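The structure appears below as structure tokens.
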Amino acid sequence: MAILAFEKRLEPTFAGGAIAVAAAIGLSLVATSLLLWSAGASPLQALISIYVGAFGNQMAIVTTLLRASPLILTGVAVTVAFRAKIWNIGAEGQLYAGAMAGYAAYLVCMGLPTFILLPIVLLSGFAGGACLGALAGYLKARFSVNEVLSTVMLNYVVRFGLSYLLVNNWRDMTSFYQQSERVSASAMLPALIPGTKLHLGFLIALICAVAVHVLLSRTALGYEIKAVGQNPVASRFKGINVGRTAVTVMLISGGLAGLAGVAEVFGTQLRLRPDISVGYGFAGIVIAMLAGLRPLLVVPVAILFAALSTGGVTMQIDTGVPSALTLVVQAIVLIFFLITTALARYQIKIGG
């Protein structure tokens with residue numbers, strides 16, 4: 001009886017990786033076309049509509065980049081943790097924690113000049129997400145609590161905490177909706193392009209991606225993170241404090257996700273709402289995996305995901321296909337990418 005066995009390639013080649021990416025894109029296009037055809041739409045027209053909706057004019061481009069900003073930050077946040085083999089599923093909650101901490105700082109420091117208030121709000125947002133992430137890292141390092149369980153449960157704690165505050169202390173009493181008052185102009189993130197909604201949060205996301213790339217590739221801490229991720233036991237014998245590294249990694253990861261939250265509140269939505277994130281934290285996991293846990297590659301992948309989201313609306317208008325199909329397209333891309341990447345790293349052997 002023939003038995004299939006997977007054997008890791010000793011030296012994965014660049015050409016193999018490039019072929020894997022090309023194959024994933026090709027197979028995804030075929031599968032997506034079949035899906036759109038089965039839904040009664042012209043695949044070519046649907047893909048053109050997605051492109052036009054995402055990049056067809058200045059407003060579409062701005063909307064896409066605006067949507068990409070939190071995806072870049074959560075993608076980079078997850079990348080840092082995953083490099084150390086710490087499965088941070090809590091970027092969603094850390095995003096909310098950052099938004100809440102930034103808003104709390106805004107309420108305390110309201111009235112200060114913009115050049116003082118904005119840094120305080122941003123630093124508080126980073127600190128809010130970092131504290132939540134570091135808590136999960138400490139639980140893992142001190143009590144061996146599985147970080148998947150702790151981060152998922154902390155997501156619920158933060159979300160319910162925000163709902164409580166928006167029903168009581170932080171609620172805008174003049175509004176029917178469950179939301180805070182609109183933030184003042186002095187606390188808004190400035191526009192990158194005058195006359196558009198693209199704000200400083202996008203630039204911050206790009207800077208964070210570059211900073212994390214430098215951290216992982218050029219610093220001693222980056223070496224420790226990768227060493228712990230590859231072999232924590234050997235790292236301990238080499239003198240690396242694995243527990244401290246875990247807490248540090250989760251602190252950085254949570255802080256980056258927290259910045260995504262504060263940018264959404266003070267740059268895009270200008271209010272604190274229960275739905276400031278539409279799954280940005282969870283999408284960051286997919287984006288990080290598709291980017292191969294490379295911080296700089298997170299940027300184009302996040303923009304691609306944002307384009308599918310914004311272009312999906314135009315696709316729905318032009319073809320009548322539900323925009324929710326773009327989520328299926330994202331899943332198809334992820335599945336094929338993971339399959340082809342695995343085949344590039346492992347070779348299949350048939351034994352008897």
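The values are calculated or read from the model by the stated rules, or taken from the named source; none is laboratory data. What you see is a predicted model, and the numbers here were worked out from it, not measured in a lab. Here the Cβ is made from the backbone with ideal geometry for all residues, glycine too, and neighbour counts use every protein chain on show. In case anyone asks, the SASA skips ligands and DNA or RNA and just uses the protein heavy atoms, side chains included. Shrake-Rupley method; radii C 1.70, N 1.55, O 1.52, S 1.80 Å.
Give, to the nearest whole percent, the P(r) tail of the stretch 100-190 beyond 16 angstrom, counting all Cα pairs. Summing the P(r) tail past 16 Å for the stretch 100-190 gives 63 percent. Overall dimensions of the chain, expressed as equivalent-ellipsoid semi-axes from the Cα gyration tensor (√(5λ), whole Å, largest first), are 34, 29, 17.
Once you have a ≥ b ≥ c as the square roots of the Cα gyration tensor eigenvalues for the stretch 209-352, tell me rounded if a/c is under 1.5, and otherwise prolate or oblate according to whether a/b is larger than b/c. Spell out each step's value before the answer.
Values: a/c = 2.82, a/b = 1.30, b/c = 2.16.
Oblate is the answer for the stretch 209-352, as a/c is 1.5 or above yet b/c matches or exceeds a/b.
Placing unit charges on the Cβ atoms only, positive for Lys and Arg and negative for Asp and Glu, gives the chain a dipole magnitude near 860 debye about its Cα centre. The value of relative contact order for the stretch 176-243, using C-alpha pairs under 8 Å at least six residues apart, is 12 percent. For the stretch 36-49, 3J(HN,Hα) computed residue by residue from phi via the Karplus equation (6.51, -1.76, 1.60; θ = phi - 60°) reads 5, 4, 5, 7, x, 10, 6, x, 5, 4, 5, 5, 5, 5 Hz, glycine and proline entered as x. Under 5 Å between amide hydrogens, built in the peptide plane, is the criterion, and for His199 it picks out Leu192 among residues at least 5 positions away or on other chains.
For a quick check of your reading of the filter: which GluC sites (Glu not before Pro) in the stretch 91-186 sit in a DSSP loop and have no more than 16 other Cβ atoms within 10 Å?
Glu181
Working note: Karplus 6.51/-1.76/1.60 with θ = phi - 60° gives the stretch 314-322 the couplings 5, 4, 5, 5, 6, 10, x, 7, x Hz, where Gly and Pro are set to x. Proximity of backbone amide H atoms, modeled 1.01 Å from N, is registered between Tyr346 and Arg9 at under 5 Å, excluding neighbours fewer than 5 places apart on the same chain. Placing +1 on the Cβ of every Lys and Arg and -1 on the Cβ of every Asp and Glu, with no other charges, gives the stretch 98-215 a dipole of roughly 120 debye about its Cα centre.
Ligands, DNA and RNA left out, the 1.4 Å accessible surface of the stretch 136-261 is 64% carbon and sulfur atoms. Could you tell me whether the stretch 285-352 comes out rounded, prolate or oblate from its Cα gyration tensor? Rule is a ≥ b ≥ c as square roots of the eigenvalues, rounded for a/c under 1.5, then prolate if a/b exceeds b/c, otherwise oblate. Because a/c hits 1.5 or more and a/b fails to exceed b/c, the stretch 285-352 counts as oblate. In the chain, taking the dipole from charged Cβ atoms about the Cα centre, the farthest positive-side position among Gly267, Pro194, Val214 is held by Val214.
Considering the stretch 251-290 at the alpha-carbon level, its Rg and Dmax are found to be 10.9, 32 Å.
Placing unit charges on C-beta atoms (Lys and Arg positive, Asp and Glu negative, everything else neutral), compute the dipole magnitude of the stretch 151-231 about its Cα centre in debye, rounded to 20.
Details: 6 positive and 3 negative charges, 23 e Å.
Approximately 120 debye in magnitude.
Kirkwood hydrodynamic radius of the stretch 137-289 from all distinct Cα pairs, in Å? Spell out each step's value before the answer.
Values: mean 1/r = 0.0553 Å⁻¹.
Kirkwood hydrodynamic radius for the stretch 137-289: 18.1 Å.
In Å², and per residue, what accessible area does the stretch 201-275 have when probed at 1.4 Å with the other protein chains present? Don't skip to the answer; put the middle values down first.
Details: 3180 Å² over 75 residues.
So the stretch 201-275 comes to 42 Å² accessible per residue, rounded to a whole number.
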